[in-house]
Every structure is written in C-alpha cells, then in structure tokens.
Amino acid sequence: MIDFYRIKEGEFVRLVETGSMTDFIAQESNLEANKYHLFAINTQTGKGYTIRQARVDELRSWRLDRLAMLLKKLGQGSFQVKNL
C-alpha cells in the first residue's frame with residue numbers, strides 16, 4: 001500500500017532531483033476539463049507524492065503539455081497518463 005503526501009512544488013522538485021521518485025503518473029482531474037494532477041511514487045519506500053497549491057491544501061492541476069514540460073525540465077523522459 002502506498003501512502004500519499006501533498007507537498008509544495010519546490011519540495012517535489014528537490015525529491016525528483018535526488019532520484020527519490022521512480023514512477024510518474026498524470027491523472028485527469030474530475031473537477032476541471034483537460035487538466036491533470038501529477039503523482040510521483042517511490043516504489044522502494046512505498047511513498048507517493050502529489051503537488052498541492054501553494055496557499056491551500058488542494059491538488060495543483062496542469063494542462064498535459066505543461067506537465068510534460070515540467071517533467072522534461074527535471075530530466076524525466078516518461079510518465080503514465082490516466083484519463084477518467
């Protein structure tokens with residue numbers, strides 16, 4: 001079982017840069033059309049992370065092309081996409 005934690009984008013970037021994340025998933029939002037939430041999982045520790053908004057505890061959402069640009073900038077070449 002994977003425990004998920006909501007973290008800010010800066011902490012997420014730090015974890016990706018240290019190689020702590022092994023799998024990346026873009027999950028389509030059920031509240032906003034054509035927007036996706038990013039989840040990252042460390043399969044060795046069983047921990048998962050998602051990015052929350054800066055000032056409120058809500059999941060951050062992106063267009064899929066923007067999310068792909070973020071992961072590419074962080075050196076991650078692949079991720080899964082899950083649509084509703």
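Computed quantities for the displayed model
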| item | result |
| --- | --- |
| The range 19-49, subset farther than 14 Å from PHE79 by Cα and hydroxyl-bearing (Ser, Thr, Tyr), residue nearest to the chain's Cα centre (by Cα) | TYR49 |
| Verdict on GLY75 being more than 12 Å from the chain's Cα centre (by Cα) and either buried (at least 16 other Cβ atoms within 10 Å of the Cβ) or not basic (Lys, Arg) (or both) | yes |
| Count of residues meeting criterion [within 17 Å of GLU17 (Cα to Cα) and either without any contact (Cβ under 8 Å) to a residue 12 or more places away in the chain or in contact with a helix residue (DSSP H, G or I) (Cβ under 7 Å, 6 or more places away or on another chain) (or both)] in the range 46-67 | 2 |
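None of the figures in this text is laboratory data; all of them are computed from the coordinates on show. Quick caveat, the model's predicted, so the values are computed rather than measured. Glycine also receives a Cβ, built like all others from the backbone with ideal geometry; neighbour counts cover every protein chain displayed.
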